[in-house]
Every structure is written in C-alpha cells, then in structure tokens.
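Please treat every number below as a calculation from the coordinates, not as lab data. Please read these numbers as outputs of a predicted model, since none were measured by experiment. Methodologically, a virtual Cβ is constructed for each residue, glycine included, from the backbone with ideal geometry; neighbour enumeration extends over all protein chains shown.
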Amino acid sequence: MFQIQSERLTAAEYIDFLRRTDLGSQYPKERFEERIPRLLQNASISLVARAEDGSVAGVLLGLTDFAYWLYVTDLGVAREHERQGLGRTLMSAALEAAGGEKDIAVYLVANENAVPFYEKLGMERADDVMRYTHVDWTDFTVE
C-alpha cells in the first residue's frame with residue numbers, strides 16, 4: 001500500500017530516489033547538483049508516493065496552468081515497486097490535481113523504454129511538438 005500526497009522532496013531525497021529508478025538517466029550531467037533543487041522547488045505539481053516504511057516509492061513532477069495543459073517532467077517508480085500500478089495512479093492523481101481529464105491535455109517526453117507504459121495509459125505519440133534547445137547535454141546516470 002502506498003500513500004500519495006503533494007510533497008516537495010529535498011534534493012538529497014530525490015537524488016537517492018533517482019538512483020533506484022531508471023529516471024536517473026534522463027538528466028544532463030552539466031550542473032546536475034545545482035539544477036535539481038530548482039526543479040523540485042518550481043514544479044507546479046509534486047506528488048510523492050511513499051511505501052509503508054516511509055521510503056519514496058514513486059514521484060511525479062509536472063508543470064501546469066491548471067486550465068488547459070500539464071507537462072509531466074518526471075514520472076518514476078522505484079525498481080522494487082514497478083508493475084504494481086503506481087505509475088498509473090500517480091498520473092491519474094496529477095491529471096486530477098491539474099484540473100481533470102475533461103480540461104487538461106497531458107504532454108511529456110518519454111524514454112523509448114517507457115513508451116509502452118504510456119501507450120497503455122492511452123497516450124499517443126505527437127507530431128506537432130516543437131523544440132528549442134541549446135543545452136549542453138552529456139549523458140550520465142545518477143549513481
């Protein structure tokens with residue numbers, strides 16, 4: 001059983017969580033330690049699922065206008081809690097917090113390995129998303 005609530009994790013807690021998920025490979029190495037606290041502080045939606053022992057089992061971070069759209073920046077489940085419906089539950093809770101499925105369109109950038117999960121949620125690939133990026137991006141995995 002998991003307890004899901006709106007909560008702001010500390011950078012140390014989130015980095016520890018990233019080590020236990022596949023999310024830890026989605027960030028660039030450049031200024032990682034400096035940027036993670038800003039991510040956590042500025043997310044419009046910050047949902048944390050905790051296991052019975054209090055450990056972080058899942059996280060969803062998103063940006064929303066609470067009227068039309070929700071951009072999910074992070075959705076992760078600790079490896080030991082995968083395939084228990086936690087990712088689906090977090091996505092549903094975030095959509096409801098943002099304004100509900102009748103008002104809110106959800107967007108995200110999915111890791112190729114996660115595409116089947118998002119397709120099971122009913123999401124489709126979009127052709128009309130534009131991108132502007134000049135970010136230095138050295139791949140690494142949080143360990």
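Some points to look at:
- Model label zone, D128; criterion: amide N under 17 Å from point 7 Å along Cα-to-beta-carbon; scope the stretch 104-119: 104-108
- Taking the DSSP beta bridges with both ends in the chain, the antiparallel portion is around 80 percent.
- Listed residue (S55, F17, L70) projecting farthest to the positive dipole end of the chain, Cβ model: S55
- Annotation: amide H of W69 within the under-5 Å range of A105, sequence separation 5 or more or interchain, hydrogens built in the peptide plane.
- Net charge over other residues, Cβ less than 13 angstrom from the Cβ of G54 (K, R count +1; D, E count -1): -4
- Spacing of the two label points (7 Å from each Cα toward its C-beta) at A67 and T138, in nm: 4.2 nm
- Charged side chains reduced to their Cβ positions (Lys and Arg at +1, Asp and Glu at -1) give the chain a dipole of some 100 debye around its Cα centre.
- Once C-alpha pairs closer than 8 Å and six or more residues apart are averaged by separation and normalised to the residue number of the chain, the relative contact order reads 29 percent.
- Applying the Karplus relation 6.51 cos²θ - 1.76 cosθ + 1.60 with θ = phi - 60° to the stretch 92-103 yields 3J(HN,Hα) values of 4, 5, 5, 4, 5, 5, 6, x, x, 5, 7, 10 Hz, where x marks Gly and Pro.
- Gaussian network model of the chain, Cα within-10 Å springs - most flexible of G87, G62, G54: G54
- Vicinal HN-Hα couplings computed from phi for the stretch 18-35 (Karplus, 6.51 cos²θ - 1.76 cosθ + 1.60; Hz; Gly/Pro x): 4, 5, 9, 9, 8, 5, x, 9, 8, 9, x, 5, 4, 6, 3, 4, 7, 8
- All Cα-Cα separations within the chain were binned at 10 Å from zero, giving a P(r) of 11, 42, 39, 9, 0, each value a whole percent of the pairs.
- Inter-part distance, the stretch 8-32 to the stretch 42-58, computed on C-alpha centroids, equals 13 Å.
- Amide hydrogen neighbours beyond the local backbone of A57, cut-off 5 Å, H modeled: A49, R50, A51
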